[in-house]
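Colleague: Quick one: this structure, given as structure tokens, is what I'll be asking you about.
The values are calculated or read from the model by the stated rules, or taken from the named source; none is laboratory data. Here the structure is a predicted model, which is why all the values come from computation and not from measurement. Because the Cβ atoms are built from the backbone with ideal geometry, glycine has one as well, and the counts that use them run over all protein chains shown.
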Amino acid sequence: MAIARSDAERRLAALVRAHDRWRGREVFNLLASENAVSPTARRFLASDLAGRYTLPLTMEFDGETLDNNYTGTRYTDQIEALANAAASRVFRARFATTRPLSGHIAALSALAPLVPPGAKILAIPPDAGGYDGYGPGFVPALLRYTVRPLPADGPGHRVRSEVAVETIRSERPSAVVLGQSFFLFPYPLREIAEAAHAVDALVLYDASHVLGLVAGGEFQDPLRDGADVVFGSTHKSFPGPQGGLLVTDREDLFRQLDPALVWRVFDNAHWHRIAALAQTLLELERCGRDYARAVVADAQQLGRALHGLGLPLVAAEDGFTRSHQLHIDRPALRAAHGIGAGALGRTLERQRLLIDLVGRIGTAEVARLGLGPDDMPRLADLLVRAGLRGERVGAEVLAWRRNFPALRYA
Ligand SMILES: Cc1ncc(COP(=O)(O)O)c(C=O)c1O
């Protein structure tokens, strides 16, 4: 017997439909932390895998040797193997796991097994563009680390080679955690890795923001440049489902961390996510280079256009960015226009242009929609008219957005 839907269910379905229409078809999304998932990957997210378990661990139980806690997993386990193999190929890494549930969980997956409690780590402070999670009260508190600052300076929050090397030599940490939430420029990684390895410190590279660029051969190649482990979110510049992954060339480290993930950091790894992630990796194998190149070209062109129209951005002298991000020069914005990044973001949102409220603009999703560098002057014009002059450009944005109904590189 069919059960009638409740009012709450009807309302829920309407809300999801409204969200999908708005975010999927009626705005330009310039949030640096987000991306659009390919249609095939979305189908996999809604597959039967969404409710299943597998735990492919060899264990003794009640006098038997089991190779899994569950049955029914013959396809699930092959999907995971395929996902890990694709991650190894895309990141040119000997070992990969697609199990971490998010970028943050990927960080815990690397740190908890490899860096013992009580150890000292270096990380870029949040007020220098670092990830809040590496601030003293968060991951370091959870894992009982002492965290010391790895300096990043200037409005572009750049890590300088000499300062980093000097800090590593004087602090002698167990691990150097690289990666930022405000992430414009690559690191002098070879110098950092050489200094870190000389004091027996691991180099852990949090590529959450730039993972899609690294996959496509842009920004930098952390494993080749000396990082011991690379990990990050799979949904920022990497255009996959919400989740995380971790890669390394070092068998000794992988043997230590891979078996430690289950039951220490998580149990179930969410197999619909892993199928969708595998699909995204396979798509990037085919067109990841073109995608990553387009994202960075768009960001640099949008930077030039915005700056030319009077929206102050940092790092103009260095070409604004080498990533998918642009950073609003917040003090200059306040001085010239009397508003903060939060007020600017809310104003733009009302005109169907989404940036975050902390001053970052990202081009990953518009590149996926097919906007190229030639489209950036028009996008900049809309952003400036809406954000700085208070013009109501929402209808114009909507009409233009309709020209980009499908995702490219998918
Ligand atoms: C550098 C960095 N690492 C980790 C994370 C956490 O990522 P997730 O939301 O995937 O857990 C973020 C989130 O913004 C980040 O910027």
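Colleague: Could you check how many residues of segment 278-315 are in contact with a strand residue (DSSP E or B) (Cβ under 7 Å, 6 or more places away or on another chain) and part of a helix (DSSP H, G or I)?
Modeller: 5
Colleague: Out of Arg11, Arg21, Arg43, Arg52, report the one residue that is of a type in the set (Lys, Arg) and within 25 Å of Leu284 (Cβ to Cβ).
Modeller: Details: Arg11 fails: within 25 Å of Leu284 (Cβ to Cβ); Arg21 fails: within 25 Å of Leu284 (Cβ to Cβ); Arg52 fails: within 25 Å of Leu284 (Cβ to Cβ).
Among Arg11, Arg21, Arg43, Arg52, only Arg43 is of a type in the set (Lys, Arg) and within 25 Å of Leu284 (Cβ to Cβ).
Colleague: Scanning for something modelled with pLDDT under 95, in contact with a Leu (Cβ under 9 Å, 6 or more places away or on another chain) and in a strand (DSSP E or B), does segment 328-337 turn up at least one residue?
Modeller: Of segment 328-337, the ones modelled with pLDDT under 95 are none.
The answer is no; no qualifying residue exists.
Colleague: Is one or more of the residues making up segment 237-247 surrounded by fewer than 24 Cβ atoms within 10 Å (Cβ to Cβ), away from the ligand (no atom under 16 Å from the Cβ) and in contact (Cβ under 8 Å) with a residue 24 or more places away in the chain?
Modeller: The initial filter retains those residues of segment 237-247 that are surrounded by fewer than 24 Cβ atoms within 10 Å (Cβ to Cβ), namely 241-242.
Going one step further and asking which of them are away from the ligand (no atom under 16 Å from the Cβ), we end up with none.
No, because not a single residue in segment 237-247 is surrounded by fewer than 24 Cβ atoms within 10 Å (Cβ to Cβ), away from the ligand (no atom under 16 Å from the Cβ) and in contact (Cβ under 8 Å) with a residue 24 or more places away in the chain.
Colleague: Moving on. Looking at Gln220, Gln300, which one is closer than 30 Å to Gly338 by Cα and polar (S, T, N, Q)? Steps first, please.
Modeller: Details: Gln220 fails: closer than 30 Å to Gly338 by Cα.
Within the list Gln220, Gln300, the selection yields Gln300.
Colleague: Between a first residue in segment 100-114 that is assigned by TED's automatic domain parsing to the domain that holds Leu257 and near the ligand (Cβ under 7 Å from one of its atoms) and a second residue that is in a helix (DSSP H, G or I) and at pLDDT 95 or above, which pairs have beta carbons less than 6 Å apart while being 6 or more apart in sequence or on different chains?
Modeller: Close Cβ pairs (under 6 Å, with a partner that is in a helix (DSSP H, G or I) and at pLDDT 95 or above) amount to His104/Gly133.
Colleague: On the given criteria, is Arg378 of a type outside the set (Asp, Glu), free of Cβ contacts under 8 Å to residues at least 40 places away in the same chain and surrounded by fewer than 18 Cβ atoms within 10 Å (Cβ to Cβ)? Please lay out each step first, then the result.
Modeller: Working: of a type outside the set (Asp, Glu): yes; free of Cβ contacts under 8 Å to residues at least 40 places away in the same chain: yes; surrounded by fewer than 18 Cβ atoms within 10 Å (Cβ to Cβ): yes.
Here the answer is yes, as Arg378 does meet what is asked.
Colleague: For a quick check of your reading: which strands (runs of 3 or more DSSP E) sit entirely within segment 95-192 and have at least 2 residues that are under 25 Å from Pro259 (Cβ atoms)?
Modeller: Details: elements: 95-97, 120-123, 146-149, 175-178.
Correct list: 95-97, 175-178.
Colleague: Scan segment 379-388 and tell me whether some residue there is among the acidic types (Asp, Glu) and closer than 14 Å to Gln325 by Cα.
Modeller: At the first step, the residues of segment 379-388 found to be among the acidic types (Asp, Glu) are 381.
Now narrow it down to the ones that are closer than 14 Å to Gln325 by Cα: none.
So far as segment 379-388 goes, no, none of its residues is among the acidic types (Asp, Glu) and closer than 14 Å to Gln325 by Cα.
Colleague: Here is a list of conditions, (1) over 22 Å from Gly156 (Cβ atoms); (2) surrounded by fewer than 19 Cβ atoms within 10 Å (Cβ to Cβ); (3) not charged (D, E, K, R), and Leu309 meets all of them except one; can you say which number that is?
Modeller: (1)
Colleague: Could you list, ordered by first residue, the pairs with Cβ atoms under 9 Å in which the first is in segment 386-409 and within 14 Å of Arg25 (Cβ to Cβ) and the second is among the acidic types (Asp, Glu) and assigned to a loop (DSSP other than H, G, I, E, B), at least 6 apart or interchain?
Modeller: Val397/Glu26; Leu398/Glu26; Arg401/Glu26; Arg402/Glu26
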